[in-house]
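The values are calculated or read from the model by the stated rules, or taken from the named source; none is laboratory data. Everything numeric here is computed off the predicted structure, so don't read it as measured data. Counting neighbours? That spans all protein chains shown, and the Cβs are built from the backbone with ideal geometry, glycine included.
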Amino acid sequence: MIINTNENTSIITQEKATIIELVKKIEALYPKFKNQNIIVHLTSIKSIVLEDIIEFLQISNQHRAKKHSFVIVTESFDSSKSPDEIVVVPSLQEAYDIIEMEDMERDLGF
C-alpha cells in the first residue's frame with residue numbers, strides 16, 4: 001500500500017494486497033488521514049467484483065459521515081453496479097472532480 005498526500009487528499013494505491021487486506025490496512029491507518037478526502041486507487045487489480053467494492057462500504061460510510069469524500073478508482077468495475085453509498089470512478093481525474101464537486105456541496109450546506 002502506497003499513501004500519497006497532496007493538499008487535503010490522500011491517495012491510497014493498492015500494490016499487492018488483496019482487497020480484504022487493503023481494507024484492514026486502511027482501517028488500521030485511518031487516524032492518519034481521517035481529516036482528509038480519500039482516493040483508493042485499485043488500477044493494479046484486473047478483476048474487481050461487487051463483493052470487493054462492498055468491502056469498502058463501512059469505511060466509506062464512516063468517512064463520508066465526517067463530511068469527507070471517499071472515492072474508489074478502478075477501470076475494471078462497472079460503476080453503475082456500485083451501491084449508492086460508494087463512489088467508484090474509472091480515473092484519478094474523475095476522482096478529483098468528484099471531490100471538488102462534493103467540497104462545493106459541503107460549502108453550500110448540502
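Take the residues of the stretch 40-66 that are among the small types (Gly, Ala, Ser) and modelled with pLDDT of 90 or more: which is nearest to Val89 (Cα to Cα)?
Ser60
Kindly check whether there is at least one residue in the stretch 76-96 that is of a type outside the set (Asp, Glu), at pLDDT 90 or above and in contact with a Leu (Cβ under 7 Å, 6 or more places away or on another chain).
Yes, because at least one residue in the stretch 76-96 is of a type outside the set (Asp, Glu), at pLDDT 90 or above and in contact with a Leu (Cβ under 7 Å, 6 or more places away or on another chain).
Determine whether the stretch 85-94 contains at least one residue that is closer than 16 Å to Val23 by Cα and touching a His at 6+ places or on another chain (Cβ under 7 Å).
no
When you go through (1) among the aliphatic types (A, V, I, L, M); (2) in contact with a Pro (Cβ under 9 Å, 6 or more places away or on another chain); (3) closer than 17 Å to Met1 by Cβ one by one for Val71, which number turns out not to apply?
Of everything listed in (1) among the aliphatic types (A, V, I, L, M); (2) in contact with a Pro (Cβ under 9 Å, 6 or more places away or on another chain); (3) closer than 17 Å to Met1 by Cβ, Val71 misses just condition (2).
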